[in-house]
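The structure under discussion appears below in the form of structure tokens.
The values are calculated or read from the model by the stated rules, or taken from the named source; none is laboratory data. All values derive from a computational prediction rather than experimental measurement. As a convention, Cβ positions derive from the backbone with ideal geometry for all residues, glycine included, and neighbour counts pool all protein chains shown. With ligands, DNA and RNA removed, areas are computed over all heavy atoms of the protein, side chains included. Shrake-Rupley method; radii C 1.70, N 1.55, O 1.52, S 1.80 Å.
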Amino acid sequence: FFSDARNHPEETERQRQRWVDELTGYLRECAEGAVAPEQQLDIRIRDVRRMGGANVGKTEDGQTVRVVYTPEIELDFVLRDKDGTTLREGLRTLRNDALLRNPREWTRDPLFEEKRLIRAWVEREFGPIEDKPYLDRTPA
């Protein structure tokens, strides 16, 4: 199971499963819009570390010290043609190290940054996402 799901004891199993299902569903939808219908794309998500932070203490003058984690998704994939021939495969680690320098825009979606990583990777790896108008450029 993903390290972020294992490392958040305050989340219930149901809450964990909900965000895992939402991320995998979003990945599936993006991939379906970018890969040709006659091709098959198999993706295995190896690990997810969601964006978040933790208060780790206080300074001598009482200021709170907070550590912020940028999201990171590790996955591997195989893209095959209709005959089963491997066209492309690999292991990718998706992250946005610039996120801490460019603060996150406000959104109600707690998986906004993770979805942004997924969409950017799919478009970079396989091309534009077609026929999915509800998957707009910025997840809400």
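The table for this structure:
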| read-out | value |
| --- | --- |
| Computed lengthening from V68 to E10, 0.36 nm per intervening residue step minus Cα-Cα distance | 19.1 nm |
| FRET efficiency estimate (nearest 0.05) - Cβ-Cβ, V78 to E38, R0 22 angstrom | 0.90 |
| Accessible area in the full protein assembly, largest first, 1.4 Å probe, for F126, F77 | F126, F77 |
| Simple spin-label estimate for E125 and A98 in nanometres, 7 Å along Cα-Cβ | 2.1 |
| R88-T24 FRET efficiency (beta carbon distance; Förster radius 35 Å; 0.05 resolution) | 0.95 |
